[in-house]
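Report on one structure; see the data block that follows.
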Amino acid sequence: MSVNTVINAAGRAIPLEINGKPVIPFKGVGKHHPEGNKYAPPIPTCLDFPGDGNKVVSSLEEALRKCNLRDGMTISSHHHLREGDLVSNRIFEIASGIGVKDLIWFPSASFPCNAPLIKYLDDGTINRIEGSLNGPLGRYVSEGRMKGTAVLRSHGGRVQAIQDGEVRIDIAVLAAPSADAFGNAKGTGGNSACGVLGYAKADYMYADKVIIVTDNLVDHPCVPMEIEGNYVDYVVVVDKIGIPEKIVSGTTQITKSPDRLLIAELTAAFLEKSGILKDEVKMQAGAGGTSLAIAVFLHEILKRKGWKSKFGFGGSTKYMVKMLEEGQMGYILDAQAFDLDAVRSVSENANHIPYPVFNAYNYHSKGNLTSMMDIMILGATEVDLNFNGNVVTHSDGYLLHGIGGWQNCLHARNVILPLPLFRDRIPVIVDEVTTLCGPGELIDVIITERGIAINPLRDDLIESVKESGLPIRTITELKEEAEKICGKPQKARFDEEIAAAIKWVDGTVIDVVRKIKS
């Protein structure tokens, strides 16, 4: 079925409507100014809640029924339990048993552990997912099997959509490693500790109804309060909210690949020789093997120079914690903890501070953290000759990853993408990205094991490493070298049907993912 489309400012054809609602096409970086007021949920009253503060009910099903779960509702959840999550799938198992249909799941991210939800997509319990898609759910959407159209947003784009009323959450079901009977909750304590609950703030503030699910009910008050009980309707106590060893890693692992280690070493050398790495630097890196290696190399440079990072923004790992505890980092501002050392540090270190993505990434706010960052280390599945980036699909066209905070992080002062030149003999640098997630004008440097490409827009960086001895090359040269080794990859083939929409940080639509041609 053909869909009316318009060409947005990035040159991508996007539909005029998604899921029956009109959309705003991407206008360009910094071109869209929102209008109107923030959304507000209904006004509650203490008359409807127990005077003794005890909001505990017998089961999640009872809580959902008390929230008047019905057809077409939007149900939100966070992803802090990652692959160990035992709560989100249970929501839709209950809904299916009740006979509720056409629900919208609005997670901060999904994981392969959510593959059982395919059953509820097939039987009509779930109409669509509006959130980052990983693994089996992404493949399901790419095959055009979901009834509604998926909508992918960045972490900041998600809180923007909640705040602005673009998505109105009927029921937020929020797992908490520790909570009291009033609904105050935190990410530490108990057997299911995840460290912090940085993705839950917008959900509990703006949802019509809020349910806390915990396996560790503590005496009031549960402090420090990452979720405030005044916003909570019901508390459910279960035996287990998650599988501990799948919630956080016992330890995050540095890459052992010689090529990836070389990329990490080149990245650290570039940051030092360009002058980007300096005393009081503000930085962020991920938890992948290459990023962890970069963190180790940067830590060594900071120690050698006698410098100290002003703060690092997490996802936190033991390597960031080590910088904090050894005096090379002043603060960790943290939205999620990736390993047990990070979880421990949240409880033990006064300068390891929970910091919600609502504050860090929301583009429709009075400034946020990302534009203050000096160094931003990111990944990508593809980049093209114009430095545009893709993080959600591979060259085969399948939707297999979420956006995460990637789009938000592009607004940092120096955005560095350390990438292998090819993966599984498929070049990472292409003529044009399969799916546009981030405009090239915001991506500054691509660092591969075979050379470093600097965006021509960054004359200052080009000049800063002119006499550095680093292997500086053009992005075209890197692409041609990859193709000499691997050949030119075949382009994915798509149907006209739109399977998913990709939102930009300001709520506009930057691209779509079409159904894979069978």
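The values are calculated or read from the model by the stated rules, or taken from the named source; none is laboratory data. Source: prediction; values computed, not measured. Neighbour counts are summed over all protein chains in view; Cβ atoms, including those assigned to glycine, are modelled from backbone coordinates with ideal geometry. Only protein heavy atoms, including side chains, enter the accessible area calculation; ligands, DNA and RNA are left aside. Shrake-Rupley method; radii C 1.70, N 1.55, O 1.52, S 1.80 Å.
Could you tell me which GluC sites (Glu not before Pro) in segment 107-201 are loop residues by DSSP with no more than 15 other beta carbons within 10 angstrom of their beta carbon?
Those that pass, being in a loop and sparsely packed, are GLU143.
Lys and Arg at +1, Asp and Glu at -1: add these up for the other residues within a Cβ distance under 15 Å of ALA40 and post the number.
On the way: positive: LYS38, ARG168, LYS209; negative: ASP164, GLU166, ASP170, ASP203, ASP208.
Around ALA40, the charge tally is -2.
List every residue whose amide H lies under 5 Å from the amide H of ASN388, counting only residues 5 or more places away in sequence or on a different chain, with H placed 1.01 Å from N in the peptide plane.
The answer is GLY440.
Quickly estimate the mean residue ellipticity at 222 nm for the chain, helices only: each DSSP H run with n ≥ 4 gives -39500 (n - 2.57), and the total goes over all residues, rounded to 500. Intermediate results must be reported in sequence, preceding the final value.
On the way: 15 runs with 126 residues, N = 518.
It comes out at -6500 deg cm²/dmol, rounded to the nearest 500.
So for segment 132-279, taking the charge dipole from beta-carbon charges (+1 Lys/Arg, -1 Asp/Glu), which of GLY229, CYS194, ASN216 sits furthest toward the positive end?
CYS194
How far is the Cα center of segment 68-124 from the Cα center of segment 372-446, in Å?
Between the Cα centre of segment 68-124 and that of segment 372-446, the gap is 29 Å.
Evaluate the charge dipole of segment 258-493 about its Cα centre and quote only its size in Debye, nearest 20, assuming +1 on the Cβ of each Lys and Arg and -1 on the Cβ of each Asp and Glu. Don't skip to the end; give the middle numbers.
Numbers: 25 positive and 30 negative charges, 48 e Å.
For this selection, approximately 240 debye.
Would you mind estimating how fast segment 192-337 diffuses translationally, via Stokes-Einstein at 10 °C and 1.306 mPa s with the Kirkwood radius over Cα pairs, in µm²/s?
Numbers: Rh = 17.6 Å.
Answer from the Stokes-Einstein relation: 90 µm²/s.
Tell me the per residue accessible area of the chain using a 1.4 Å probe; a whole number in Å² is fine.
With all protein chains present, the chain gives 40 Å² per residue.
Considering only C-alpha atoms, what is the centroid distance from segment 230-272 to segment 448-490, in Å?
Cα centroid of segment 230-272 versus Cα centroid of segment 448-490: 29 Å apart.
Leaving ligands, DNA and RNA out of it, report the carbon-plus-sulfur percent of the accessible area of segment 258-493 at a 1.4 Å probe. It would help to have the intermediate numbers written out before the result.
Working: 4560 of 9190 Å².
Here carbon and sulfur together make up 50 percent of the probe-accessible area.
Taking the Cα centre of the chain as the origin, how large is its charge dipole in debye, to the nearest 20, when only Lys and Arg (+1) and Asp and Glu (-1) carry charge on their Cβ atoms?
Numbers: 55 positive and 63 negative charges, 112 e Å.
It works out to roughly 540 debye.
Can you work out the Karplus-derived ³J(HN,Hα) for every residue in segment 459-476? Use 6.51 cos²θ - 1.76 cosθ + 1.60 with θ = phi - 60°, whole Hz, and x for glycine or proline.
4, 5, 5, 4, 5, 5, 10, 4, 10, 7, x, 6, x, 7, 9, 7, 5, 5
Quick one: of LYS256/LYS310; LYS38/LYS186; LYS186/LYS282; LYS55/LYS209; LYS21/LYS517; LYS119/LYS147, which pairs are farther than 19 Å apart, Cα to Cα?
Long pairs (Cα-Cα over 19 Å): LYS256/LYS310; LYS38/LYS186; LYS186/LYS282; LYS21/LYS517.
Any chance you could look up the accessible area of LYS517 with a 1.4 Å probe, heavy atoms only, rounded to 10 Å²?
It works out to around 80 Å².
Only one of the listed values, (i) 236; (ii) 199; (iii) 139, was derived from the coordinates as volume of the Cα convex hull per residue in Å³; which label is it?
Answer label, from the structure shown: (iii).
Using C-alpha positions alone, give me the convex hull volume of segment 143-249 per residue in cubic angstrom.
Once divided by residue count, the hull of segment 143-249 is 136 Å³.
Ignoring ligands and nucleic acids, what accessible area does ARG304 show with a 1.4 Å probe (Å², nearest 10)?
It works out to around 150 Å².
Diagonalise the Cα gyration tensor of segment 284-396 and give the resulting equivalent ellipsoid semi-axes, square root of 5 times each eigenvalue, largest first, whole Å.
On the way: eigenvalues 125, 65, 42 Å².
One finds semi-axes of 25, 18, 15 Å for segment 284-396.
Counting only other residues whose beta carbon sits under 11 Å from that of MET373, what net charge do I get with K and R as +1, D and E as -1?
Working: positive: LYS282, LYS310, ARG413; negative: ASP374.
Around MET373, the charge tally is +2.
Quote the charge dipole size of segment 435-518 about the Cα centre in Debye, to the nearest 20; the model charges only the Cβ of Lys and Arg (+1) and of Asp and Glu (-1).
Dipole of segment 435-518, to the nearest 20 debye: 520 debye.
Taking a temperature of 4 °C and a viscosity of 1.567 mPa s, what whole-number D in µm²/s does Stokes-Einstein yield for segment 258-493 with Rh from Kirkwood over alpha carbon pairs?
D = 71 µm²/s.
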